[in-house]
Amino acid sequence: MSVKELLGRSTKSPFIIYSLMVLIGLILPVVITDDFIIRILILTFFFIMFSASWNLLAYSGQASLGHAAFLGIGGFVSTIIVKEGISPIIGVFSGALIAAFVGLLLGIICVRLREWFLGLVTFGFAIIMVALINESSVFISAINNIFNMIGISCSLDPDMLGGSFGIYSPNIVSPEHYYYLFLFTMIATVLSVHLIFRSKIGFAFAAIRENEAEASMMGVDITRYKLIAFMISTFMAGFAGALFAPFNYFINPDLFSIHYSFMPIIMTISGGIGTVGGPVIGGLVINLLWEQMGIMGMSISRLLILGIILILEVLFLPKGLMPLIKKIRDRCFG
């Protein structure tokens, strides 16, 4: 076997690919000592995780335009728990589980909605969450009054969510360890999605995406698998939010914003929707490009440039960058 053929086979081996991701990730902090660049890399890992969660939902034929709602729920729940002195591990997993539970409830209500009708519901839910957090002091005071009126003592802090100003999120690890925390969590997330895609559940997701009627005739429980997809996806999104809040030292209603809802969509479509590597490639390219344009002072114009790039990709690379990368790999290694 020639070296070229050996390299070609190596680039198709998942074990070698994930090993390379770990190796490159461990080498980067040694080579790069600039704290600002390390922060950009951490944000890239975060968006890859978040995009992978959205991609999993899309793989099952469902769409979310308000995925930031679950990102924010995970972040706020985790922050509140950790601020009470409870273990950060419990806080992070509690935030992710609460996000998954809310996703399950929303999924039960909207399970019969298809494609972008579900997307509109999730988009509306994210907007509602922004309003709830902004006016959280009013709602929490109302809850206290209602419980006290019926004879149940309730004294929740009206400012526990910070309202429109947000709240401080305490560190869960030392600052220099956030890079490795996000690196290994990102790899674990991508690997989990990879294993799900290749499992019985993944085949059911794909069957539902392609044709619900035929999938149902084959014995696939449509409702069950749609809810499973929604729960896993929202758990991953909540987990990403629970890690992002302490890294950012601060959390406010902006985490529910359109920016965070649309970024995973743009990144996944750019990389290749429905592929394991799509969120990875899209996250790397789009976030690094976004941050570079921000460094250059392009605050408004970068939105225009990103929109033009997305239009060009849809027109000329409708399946994203992954097929192009595979073609380059095949030409180089056979």
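Which order do peptides 70-79, 118-127 fall in by mean Cβ count within 10 Å, highest first?
Ranking the peptides 70-79, 118-127 by packing returns 70-79, 118-127.
With n ≥ 4 as the cut-off for DSSP H runs, can you work out [θ] at 222 nm for the chain, using -39500 (n - 2.57) per run divided by the number of residues, rounded to the nearest 500?
-25000 deg cm²/dmol
So, with a 1.4 angstrom probe, what is the percent of accessible area on the range 79-172 that is carbon and sulfur?
71
Taking θ = phi - 60°, what integer Hz values does the Karplus form 6.51 cos²θ - 1.76 cosθ + 1.60 yield along the range 27-38, in sequence order, with x for Gly and Pro?
Using θ = phi - 60°, the values come out as 6, 3, x, 6, 7, 9, 10, 6, 4, 5, 5, 4 Hz.
Would you pull out the residues with amide H under 5 Å of Phe250's amide H, same chain only if 5 or more places away, H placed 1.01 Å from N?
Under 5 Å from the amide H of Phe250: Ser169.
Might you tell me the accessible area per residue for the chain, computed with a 1.4 Å probe and given in Å²?
About 51 Å² of surface per residue is accessible.
Can you list residues whose amide H is under 5 Å from Ser257's amide H, if they're 5+ apart or on another chain and H is modeled 1.01 Å from N?
So Ser257 has HN proximity to no qualifying residue.
Just add up the charged neighbours of Met160: K/R +1, D/E -1, any other residue whose Cβ is under 13 Å from the Cβ of Met160.
Residues close to Met160 contribute a combined charge of -2.
Can you divide the C-alpha Rg of the range 3-258 by 2.2 N^0.38 Å and report the result to two decimal places?
For the range 3-258, the normalised Cα radius of gyration comes out at 1.13.
Any chance you could check the Cα centroid distance between the range 209-235 and the range 139-155 for me, in angstrom?
The range 209-235 and the range 139-155 have Cα centres separated by 40 Å.
How large is ³J(HN,Hα), in whole Hz, for each residue of the range 211-218 in order, when computed from phi with the Karplus curve 6.51 cos²θ - 1.76 cosθ + 1.60 and θ = phi - 60°, using x for Gly and Pro?
6, 5, 4, 5, 4, 5, 5, 7
The values are calculated or read from the model by the stated rules, or taken from the named source; none is laboratory data. These figures come from a predicted structure and were not determined experimentally. Neighbour counts are summed over all protein chains in view; Cβ atoms, including those assigned to glycine, are modelled from backbone coordinates with ideal geometry. Side chains included, ligands, DNA and RNA excluded: accessible areas come from the protein's heavy atoms. Shrake-Rupley method; radii C 1.70, N 1.55, O 1.52, S 1.80 Å.
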